[in-house]
1. Please compute the per residue accessible area over the chain with all protein chains in place, 1.4 Å probe, rounded to a whole number of Å².
2. May I ask for the Rg/Rh ratio of segment 61-112, computed from Cα atoms with Rh as the Kirkwood radius, given to two decimals?
3. Through the Karplus equation 6.51 cos²θ - 1.76 cosθ + 1.60, θ set to phi - 60°, convert the phi angles of segment 81-88 into ³J(HN,Hα) values in whole Hz; use x for Gly and Pro.
4. Ignoring any ligand, DNA or RNA, what whole percent of the accessible area of the chain comes from carbon and sulfur when the probe is 1.4 angstrom?
5. If amide H atoms are built 1.01 Å from N in the plane of the peptide, which residues on other chains or at least 5 residues away come under 5 Å of the amide H of ILE50?
6. Set the Förster distance to 35 Å, then compute FRET efficiency between LYS57 and ASN96 from the Cβ-Cβ distance, nearest 0.05.
7. Which part of segment 66-99 falls in the paramagnetic zone of THR37, meaning amide N under 15 Å from the point 7 Å along Cα-to-beta-carbon?
8. Return the long-range amide H neighbours of LEU69 (sequence gap of 5 or more, or a different chain), with a cut-off of under 5 Å between placed amide H atoms.
Amino acid sequence: MKHTDYDCNLGCPVEATLNTIGGKWKGVILYHLLTKTHRFNELDRLMPSITQRMLTKQLRELEADNVILRKVYPEIPPKVEYSMTPYGQTLAPIINALHAWGIQHLESTPRK
């Protein structure tokens, strides 16, 4: 369970960040949304291993944290787009650093 009191020690800001962007899928979702607005099905196709239920859950959590914006168009069928908020865009250096580190890690780690 998340807590909201992050004044416990010097590591708490890291915990707050990881509570917001941590987990198996949030970083990947944010990486895809950094450069382009996506519809739900586009995100689903970009991440074939995620279930629709988990994608919905992760998107809702990111929206609740004001990191992404969910825009619903009053059409039939409904059209929903997800994009980064200005606040979410402040995560760009972090997401890009994670991407760069991941490339280095994959290149230096022997394949099993």
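1. About 72 Å² of surface per residue is accessible.
2. 1.23
3. 10, 10, 8, 7, 7, x, 5, x
4. Of the solvent-accessible surface of the chain, carbon and sulfur hold 58 percent.
5. Answer set, sorted by chain and number: none.
6. 0.90
7. 68-75, 79-86
8. Here SER83, MET84, THR85 satisfy the definition.
The values are calculated or read from the model by the stated rules, or taken from the named source; none is laboratory data. Source: prediction; values computed, not measured. Glycine gets a Cβ as well: all are built from the backbone with ideal geometry, and neighbour counts include every protein chain shown. Keep in mind that these areas ignore ligands, DNA and RNA; they rest on the heavy atoms of the full protein, side chains included. Shrake-Rupley method; radii C 1.70, N 1.55, O 1.52, S 1.80 Å.
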